[in-house]
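Reviewing the structure listed below.
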Amino acid sequence: MECEKLKDCPFYNDKMDIESGLGKLYKRRYCEGDKTQCARYTVLKELGARFVPLDLYPNMQKRAEEIISQNK
Ligand code: SF4
């Protein structure tokens, strides 16, 4: 299912630096596939948008967990 953040998300809107092939893959996997696996989405849901760093990529689940545990 599509992520409801597609319109505002800097990753989905190509505002984050990533090799385009990889970007496409991540968009399919996370944004248009399973948003619950996305690191950005996880932090957003747990803490709110202002806690999501601009350089947090969808595959960085470990970093997402660290951010959450540091800010809870
Ligand atoms: S799945 Fe993650 S990267 Fe994709 S639009 Fe949603 S929050 Fe952004």
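Just so it is clear, none of the values below were taken in a lab; they were calculated from the coordinates. Remember, it's a predicted structure, so these values are computed and weren't measured experimentally. As a convention, Cβ positions derive from the backbone with ideal geometry for all residues, glycine included, and neighbour counts pool all protein chains shown.
Looking across the stretch 23-72, the residues that are closer than 17 Å to Glu2 by Cα and aliphatic (A, V, I, L, M) come down to Leu25, Ala39, Leu44. Within the stretch 21-55, the residues that satisfy the criterion of being assigned to a loop (DSSP other than H, G, I, E, B) and either more than 9 Å from the ligand (Cβ to nearest atom) or not aliphatic (A, V, I, L, M) (or both) are Glu32, Gly33, Asp34, Cys38, Gly48, Pro53, Leu54, Asp55. When Met16 is tested against the conditions (1) crowded, with 19+ Cβ neighbours inside 10 Å; (2) in contact (Cβ under 8 Å) with a residue 40 or more places away in the chain, the lone failure is (1).
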